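Enquirer: Okay, handing you the structure first.
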Amino acid sequence: MITVGLFVRLQAKPGKEADVESFLKQGVSMANQEATTPVWFALRLGPSTFGVFDAFADEAGRSAHLSGPIAVALKANAADLLAEPPQIERVDVLGAKLPG
């Protein structure tokens, strides 16, 4: 059962929108390698605003993700791609409908 998640808002630097989009599209392959990350979405919220929503069965899964390969790659590329630090919100999942 999915109980917790993360919502991360990313603001691309001017001219870096395509690079942020590409980075996020590559993120799905890393998310697929994380056994404790059953739900992962990369989102475009506006012309230069992006987001990631991911969800986990428990706090241990969320914590593992926050120190996993996607987080490491984001930290390594943030200064080049983002106008401001990522806004990371820890959320509780109140309900979910997932493919069976």
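FYI, it's all coordinate maths here, none of it is from the lab. Quick caveat, the model's predicted, so the values are computed rather than measured. When we count neighbours, we look across all protein chains shown, and the Cβ atoms used for this are built from the backbone with ideal geometry, even at glycine.
Enquirer: Could you tell me which residue out of PRO14, PHE50, GLN26 lies farthest along the dipole of the range 4-92 toward its positive end? Charges go on the beta carbon: Lys and Arg +1, Asp and Glu -1, centred on the Cα centre.
Expert: PRO14
Enquirer: Can you tell me the length gained on complete extension of the stretch MET30 to SER67, counting 0.36 nm per residue apart and subtracting the Cα distance? Write down the numbers at each step before the final one.
Expert: Values: separation 37, 0.36 × 37 = 13.32 nm, distance 1.25 nm.
Working it through step by step, the gained length comes to 12.1 nm.
Enquirer: Fewest to most neighbouring Cβ within 10 Å: what's the order for MET30, MET1?
Expert: Neighbour counts put them in this order, fewest first: MET1, MET30.
Enquirer: Cβ under 13 Å from ALA42's Cβ, ALA42 left aside: what net charge do those residues give with Lys, Arg +1 and Asp, Glu -1?
Expert: Counting the neighbours of ALA42, the net charge comes to +1.
Enquirer: Using the Cα centre of the chain as origin and beta-carbon charges of +1 (Lys, Arg) and -1 (Asp, Glu), tell me which of ILE2, PHE41, GLY61 is placed farthest towards the positive end of the dipole.
Expert: Sorting the options by dipole projection puts first PHE41.
Enquirer: For LYS25, LYS13, what ranking results if the residue with the fewest other Cβ atoms within 10 Å of its Cβ goes first?
Expert: So the residues, fewest neighbours to most, are LYS25, LYS13.
Enquirer: Let me ask something additional. Working out 0.36 nm times the residue gap between ALA83 and GLU21, then minus their Cα-Cα distance, what length gain in nm do you get to one decimal?
Expert: 20.9 nm
Enquirer: Using the Cα centre of the range 16-100 as the reference point, and only Cβ charges (+1 on K/R, -1 on D/E), how large is the resulting charge dipole? Debye, rounded to the nearest 20.
Expert: Using only the charged Cβ atoms, the result is roughly 140 debye.
Enquirer: May I ask you to sort LYS97, LYS16 by Cβ crowding, counting other Cβ atoms within 10 Å and putting the fewest first? Don't skip to the end; give the middle numbers.
Expert: Working: LYS97 5, LYS16 18.
Fewest to most other Cβ atoms nearby, the residues stand as LYS97, LYS16.
Enquirer: Can you give me the relative contact order of the chain as a percent, contacts being Cα pairs under 8 Å and 6 or more apart?
Expert: 46 percent.
Enquirer: While we're looking at this one, here's another question. Apply the Debye scattering formula to the range 4-92, with a single equal point scatterer on each alpha-carbon and no solvent, then give log10 I(q)/I(0) at q = 0.10, 0.18, 0.23 Å⁻¹.
Expert: Scattering profile of the range 4-92, log10 relative to I(0): -0.22, -0.72, -1.16.
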